[in-house]
Every structure is written in C-alpha cells, then in structure tokens.
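To start, the structure under review is shown below, and the notes come after it.
Every number here is computed from the coordinates shown, using simple stated rules; none is lab data. The structure displayed is predicted, hence computed values, not measured ones. Here the Cβ is made from the backbone with ideal geometry for all residues, glycine too, and neighbour counts use every protein chain on show.
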Amino acid sequence: MAETLGEAAAGAPPAENYWTQSRRPLVSLIFTAPLLILYELGLLALGEHANRNGAEAWLRWLLDRLGFSQYFLLPTLTVCVLLAWHHTTRQPWRVRGGVLLGMTAECALLAVCLRLLLLLQGMVLQSIAAALPLSIADGLGTMTSYLGAGIYEELLFRLILLPLVIGLLTWLQAGTRAGKIGGVVLTSLLFAAAHYIGPYGEALNGFTFLFRFLAGAFFSVLFLYRGFGIAAGTHAAYDLLVGLSLSGS
C-alpha cells in the first residue's frame, strides 16, 4: 500500500493508485474470495447444523423457484457477476498484493468505526444493555455465518438492489444526486427490515432497526465510493468484531 501511494505521489497515473485499484471488481473478487470459500466450506462441514445467512437463503430460494437448485450455482454466479462487471468496464486484469493488504487494513479500521457508531448510538439512547438481544452463539457455525453476511448481504442489497434502485430513480427523473440518496435510503430500510422477516428473522426492536438502517447506509456509501470488496470485507470484519466482543463478555 505504501509503495502504491508513493508511486501516486510521484506522478503515477490515477488508475494505478490504491484508491482506484481497490474499487476494481477483479480486486474485490480476489479480496472476498477467501471469505466466500470459508463460508461455503463451513456450511458443507456443518451440514444441517449450519447457521445460514438470511440473504443467502433468499437468493437460493429465488434460484430454486427459477428451476436452478444446484448448490454451487449461487457462489458461482457471485464470481461471474464480478468478472462480468470487470470485463464490461474494461479495467486492467492485474492485482497488486499491496492493494489487498491495504484493503484488509482499511476494512478493519472501518469495522472499528462502525462499532464505535453502535456504541455512540447506545450512549445517546441510554439503552445498550436492554436493547442488544442479538442472541449470538459461540462456535464455528456463528463465525461462518458472519462471513456469509459479508458476502451475500452485500451482494443482494448493495451489488444488486442499490444500482437497480438508483437506476430506477434516475429514470424517473430524480436526478443523479437525488437518485443516489434515495437509493441509499430505500435499500438501507430494506436491509434493516430484512433482519426481522422470515424464518431467520428476529423480533422487531427499534434500537437494532435504527442501527441496521445506519449500517446499511454506511455500507451503501462504502459500496458507491470504495467498491464491493471494501463493503463486503468491512461487513464481515464488523460482524466478527461484534461476535467476538459479545462472546468474550
């Protein structure tokens, strides 16, 4: 990362700096591939005891209704979407190792920032202890589900729904800026509400709904300005950070 930033400061082309490279779909794919592989292998190893992510369950349900029930189709489609995105934008097919290290550090830092946002919200509302019934269990199954949230929730709500909503609002003459703001707000509301719907849903809680809306907006902004890899990596890192802190306490 330091070498890349140094090159940019020395007059390297903008396309070669860290901030641009880390947004590329190919870089996002390589960066998130370990999370995707660990999640899918964890599900296979745990079998019927696996703690699946809700977004993944909805995507698999949709594929099943369309007649596609092959188990590895969803992760394969995830890879294909990122590769197709990279191909259609005609970006260079190269990845520097320093960029991946920088993305790891950036995601960790952003996850800590989001954790601080949760604590700040709790301080403002004076109800952290009473309003965090997250029911997070220890063990491999729970940690595996956090990796799945980073990949599949970002795939569904940011990579698929956010551009669609922004495109729809822009088509309705909302304007570019209003379209982005409206897309962030609407998809963040959907993201928050989704945690209370279906067999994996929790009991509705105002504190957690508000925080998940803010987190959805946070991840949306990351996706728009830092790319899929940073959004997914930060999401997974935050979930692991919260899970480890709660299990430790």
query: For the peptides 27-33, 210-216, what is the packing order when you average, over each peptide's residues, the other Cβ atoms within 10 Å and list the highest mean first?
result: 27-33, 210-216
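Give the shape of segment 60-109 as rounded, prolate or oblate, defined through the alpha-carbon gyration tensor: a ≥ b ≥ c are the square roots of its eigenvalues, a/c under 1.5 means rounded, and otherwise the shape is prolate if a/b is larger than b/c and oblate if not.
Details: a/c = 3.59, a/b = 1.84, b/c = 1.95.
Since a/c reaches 1.5 but b/c is at least a/b, the shape of segment 60-109 is classed as oblate.
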task: Give me the distance between the Cα centres of segment 179-197 and segment 56-119, rounded to whole Å.
output: 19 Å
